[in-house]
Amino acid sequence: MRTIVSLPGDGIGKTVLPEAIRVLEAAGFKANYVHGDIGWEFWIKEGNALPQRTIDLLEEHKIGLFGAITSKPKQEADKELSPELQGKGLVYFSPIVSLRQHFNLDICTRPCRAFKGNPLNFIRKDASGGFEEPLVDAVVFRQNTEGMYGGIEWTNPPAQVREALETHPKMKKFAHVKSEDMAISTRIVSKQATSRIIRAAFEYAKKHGYKNVTVCEKPNVLRETSGMFLQLGREIAKDYPGIDLWDTNIDAQMMWLTKNPENYGVLVSENMFGDIISDGFAGLVGGLGFACSANVGEEVAVFEPTHGSAPKYEQLNPSIVNPIAMFLSACMMLDHIGEGEKAEKIRKAIAEVIEEGKVRSYDMMKLRGGADAISKGAATTQQITDAVIAKL
């Protein structure tokens, strides 16, 4: 029997992950679940949001199912450390980003597919003044370990960094800025990692019948990094003659995704642009309550909804949060480990519940989140799980 590392994390992650396990079991997937410590609680108590013992569990078992994480700016994080840990030079790092980098989970896949009958689906006016609902079925491939999220940055850069940067002529405009008044973030992409994510996108398009792959970057401004991304896309596209290569600028793409989203199939981007474009497409299919993702390396893979920890909802009893993104992330895990038939059973059950419309979360009813949402007809988290299980 396979062992899955269960990583509930913070806030509503502790709510939705157990519900996903209920659904997995109802679909006939049997596994041992071992708990992994991760999140804000461990930053406060231990000064490390990703303890070594959790890394060891993933090293051993290779598959993680993750809930949600709380991340706060540097000063807030420092203040919340236990008193005995303060002043010791500890630095908070997002544990999910740390997982991606430690295990080189470089391929992030984020499907954004509309479910029929979801009242949150994107609609637009047609030429006659009526309304139409385009079919949104986009899958974003996000390079997960490099780019703007690579973590190589400084406030008050050391002298050798400043000196190296000043060899570039564009730094002349910053010559008058003192280092202590300067913050620098880097955007680094490599041919190896970029080629791997682009080829993964084309392979996915080939396997699932998509007609195009779009490189979504900004090569007219970011000439070196985005330029490399696009050039490698053009070279790799030659190996896939049946699939068109498109390229768009990230800013224009954010306009086009609300103008003609049905035109796009598979998209591939650097880390930050992939984060932006996947959230944009998620908004067209219901928002973060429907947004799932996979973080896949050569050996280890972690599956997670893309929503945050939403701590204001954690203490609501009963819970009102939408667990569907967590369910869909669990389906991606099943696909990865060769249990695709069970994954499709769950997706079919979710689709039937949504189309039927009898059980809807507060976001699907377009209500404000809060304890009174249930009195206004919203289903609880557990009721949504029960409805999906009933369909199974």
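The values are calculated or read from the model by the stated rules, or taken from the named source; none is laboratory data. Values in this document were obtained by computation on a predicted structure and should not be read as measured data. Here the Cβ is made from the backbone with ideal geometry for all residues, glycine too, and neighbour counts use every protein chain on show.
For THR15, the test of being in contact with a Pro (Cβ under 9 Å, 6 or more places away or on another chain) and buried (at least 16 other Cβ atoms within 10 Å of the Cβ) is passed. With respect to (1) among the charged types (D, E, K, R); (2) within 25 Å of the chain's Cα centre (by Cα); (3) at pLDDT 95 or above, the lone exception for ARG368 is condition (3).
The one condition from (1) closer than 24 Å to HIS307 by Cα; (2) modelled with pLDDT under 95 that GLY129 does not meet is (1).
Every residue, every condition in (1) free of Cβ contacts under 8 Å to residues at least 60 places away in the same chain; (2) on the phi < 0 side of the Ramachandran plot, yes or no:
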{"site": "GLY11", "(1), (2)": "no, no"}
{"site": "VAL16", "(1), (2)": "no, yes"}
{"site": "ASN32", "(1), (2)": "yes, yes"}
{"site": "LEU50", "(1), (2)": "yes, yes"}
{"site": "LEU57", "(1), (2)": "yes, yes"}
{"site": "HIS61", "(1), (2)": "yes, yes"}
{"site": "GLU76", "(1), (2)": "yes, yes"}
{"site": "PRO83", "(1), (2)": "yes, yes"}
{"site": "GLN86", "(1), (2)": "yes, yes"}
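Look at (1) assigned to a loop (DSSP other than H, G, I, E, B); (2) surrounded by fewer than 21 Cβ atoms within 10 Å (Cβ to Cβ); (3) more than 14 Å from the chain's Cα centre (by Cα) and you find that MET255 fails only one, number (1). Every residue in region 122-155 that is within 24 Å of ILE324 (Cα to Cα) and in contact with a helix residue (DSSP H, G or I) (Cβ under 7 Å, 6 or more places away or on another chain), please. Selection gives PHE122, PRO134, LEU135, VAL136, ALA138, VAL139, VAL140, PHE141, ARG142, ASN144. For PRO261, indicate whether it is more than 13 Å from the chain's Cα centre (by Cα), in contact (Cβ under 8 Å) with a residue 24 or more places away in the chain and outside the structural domain of THR15 (by TED's automatic domain parsing). Criteria met by PRO261.
Note on region 355-372: among residues that are outside any loop (DSSP other than H, G, I, E, B) and of a type outside the set (A, V, I, L, M), the one that is nearest to MET326 (Cα to Cα) is GLU355. Restricting attention to region 295-337, the residues being assigned to a helix (DSSP H, G or I), at pLDDT 95 or above and among the aromatic types (Phe, Trp, Tyr) number 1.
Every test in (1) surrounded by fewer than 18 Cβ atoms within 10 Å (Cβ to Cβ); (2) part of a helix (DSSP H, G or I); (3) touching a helix residue (DSSP H, G or I) at 6+ places or on another chain (Cβ under 7 Å) is passed by TYR240 save one, and that test is (2).
So which residues in region 194-222 are out of contact with any helix residue (DSSP H, G or I) (no Cβ under 7 Å at 6 or more places or on another chain) and not in a loop (DSSP other than H, G, I, E, B), if there are any at all?
If the condition is that a residue be out of contact with any helix residue (DSSP H, G or I) (no Cβ under 7 Å at 6 or more places or on another chain) and not in a loop (DSSP other than H, G, I, E, B), then ARG196, ILE197, ALA200, ALA201, GLU203, TYR204, ALA205, LYS206, LYS207, HIS208, ASN212, THR214 are the ones that fit.
Applying the criterion of at least 1 residues that are over 25 Å from the mean Cα position of the chain (by Cα) and in the same structural domain as GLY308 (by TED's automatic domain parsing) to the helices (runs of 4 or more DSSP H) found wholly in region 71-183 leaves 74-80.
I'd like to know if region 361-368 contains one or more residues that are hydroxyl-bearing (Ser, Thr, Tyr), surrounded by fewer than 21 Cβ atoms within 10 Å (Cβ to Cβ) and outside the structural domain of ASN260 (by TED's automatic domain parsing). Within region 361-368 (the criterion being hydroxyl-bearing (Ser, Thr, Tyr), surrounded by fewer than 21 Cβ atoms within 10 Å (Cβ to Cβ) and outside the structural domain of ASN260 (by TED's automatic domain parsing)), the answer is no, since none of the residues qualifies.
Looking at this structure, is THR385 hydroxyl-bearing (Ser, Thr, Tyr) and over 29 Å from MET254 (Cβ atoms)?
Yes, satisfied.
Can you tell me which residue among LYS62, LYS116 is farther than 30 Å from ARG2 by Cα and touching an Asp or Glu at 6+ places or on another chain (Cβ under 7 Å)? From the options LYS62, LYS116, the qualifying one is LYS116. Identify all residues within region 261-286 that are small (Gly, Ala, Ser) and either in contact with a Lys or Arg (Cβ under 8 Å, 6 or more places away or on another chain) or at pLDDT below 95 (or both); write none if there are none. Within region 261-286, GLY265, SER269, GLY274, SER278, ALA282 meet the criteria. Of all the listed residues (GLY280, GLY274, GLY233), the sole one being among the small types (Gly, Ala, Ser) and touching a residue at least 40 places away in the same chain (Cβ under 8 Å) is GLY274. Residues that are on the phi < 0 side of the Ramachandran plot and either modelled with pLDDT under 95 or touching a strand residue (DSSP E or B) at 6+ places or on another chain (Cβ under 6 Å) (or both) are absent from region 338-355 altogether.
When region 376-392 is filtered for residues that are over 11 Å from ILE320 (Cβ atoms) and either in contact with a Phe, Trp or Tyr (Cβ under 9 Å, 6 or more places away or on another chain) or in a loop (DSSP other than H, G, I, E, B) (or both), the ones remaining, listed by number, are GLY377, THR385, VAL388, LEU392.
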